[in-house]
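Have a look at the structure below before the remarks.
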Amino acid sequence: MNREEMSRIAHTEHPIKSPLDDDSVGRLLERGLPRGNERVLDLGCGGGEWLLRALATRPHLHAEGVDISEDALAQAAAAAAIDLGVQERLVLHHRKAEDFVSAEPFDAVLSFGATHAFGGLLPTLAAARRHLAPNGHVLLGEGFWDRPPSQEAIDMLGNFTDLATTVERVVADGWTPVDAHVSTRRELDDYEWACWGSLAAWALDHPAGPDSSRVLETASTRRWEWLRAYRDTWGFVSLVLRRTSDRA
Ligand SMILES: C[S@@+](CC[C@H](N)C(=O)[O-])C[C@H]1O[C@@H](n2cnc3c(N)ncnc32)[C@H](O)[C@@H]1O
């Protein structure tokens, strides 16, 4: 079993690959897509969950998603065509998000859980800015340290800043937050329990398969890493941003 298959199983019960519940996702989409007929781009769209939810509830919306995972894009395409019938309004691009170019700008650019692909928060915003139409919105999800982290947590998750510094860096880069959501303790916990629980359940349901032991061990290791190394220090913020210069 490769990493992508394992990720697909881990997200069975929590298809949004970030610590956000359905209400939070819905509210962020409402804030970022106020008209309902926007052109939306998701950089690092994974299985397209954000775009699929936006398309399903907004019949005049058009969406494009970019990801390097063929497996995740195939899932997005299948859900768009078979489950939702929105495939004519969704274009999926199998390529690196940093290499994506488009002739037309987008009214909203999303990127959740994928800032590492660009080399961090500010390079992700630079990429979003290149694709954004005037007065457009950027919806961005990013980790932060809620308390001082251990070196183990930094080694595991990367080097974030605290929430205030994260927002300060965004504002200094020319963006104005028009809304935001800090994931609750419950959202953070639900996400981790769902991921490692789904993997563990899969292993128990497939005891004779060649991957069963490895999957069970991975679920157990990742659960301990979360509980011991970063549960008490890591947080997640979702920002709804507009370019400050759009005021002119
Ligand atoms: C944590 S998942 C988030 C998926 C989705 N945004 C969500 O919140 O459900 C990160 C995604 O980024 C994708 N990714 C990683 N590096 C990338 C790159 N260089 N270009 C495009 N996508 C990338 C991965 O394949 C994965 O689907």
From the Cα centre of the stretch 96-171 to that of the stretch 43-58, the distance in Å is 18
Largest-first semi-axes in Å of the equivalent ellipsoid built from the Cα gyration tensor of the stretch 1-116 are 20, 16, 14
Taking Cα atoms only, helix 185-205 is inclined relative to the longest principal axis of the chain by an angle, in degrees rounded to 10, of 50
Contact order relative to length for the chain, counting C-alpha pairs under 8 Å separated by 6 or more residues, stands in percent at 24
Of 169-175, 98-104, 58-64, ordering from highest average Cβ density within 10 Å down gives 58-64, 169-175, 98-104
Residue separation between Arg130 and Asp23 times 0.36 nm, minus their alpha-carbon distance, gives in nm 35.6 nm
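Which FRET efficiency, nearest 0.05, do Asp189 and Asp246 yield, Cβ-Cβ r, R0 41 Å?
So, using R0 = 41 Å, E works out to roughly 0.65.
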Note: Asp232 to Leu84 extended length (0.36 nm per residue) minus current alpha-carbon separation gives 49.5 nm
Note on the chain, DSSP bridge orientation, antiparallel percent to nearest 5 equals 45
Counting only residues 5 or more apart in sequence or on a different chain, those whose built amide H sits under 5 Å from that of Asp42 are Glu64, Gly65, Val66, Leu110
Mean 1/r over distinct Cα pairs of the stretch 89-248, inverted to a Kirkwood Rh in Å, yields 17.8
PRE zone check, label point 7 Å out along Cα-to-Cβ of Glu168, amide N under 14 Å, scope the stretch 112-152, hits 145
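No lab work stands behind these numbers, since they all come straight from the coordinates. Keep in mind that this is a model prediction, so the values were computed, not measured. Methodologically, a virtual Cβ is constructed for each residue, glycine included, from the backbone with ideal geometry; neighbour enumeration extends over all protein chains shown.
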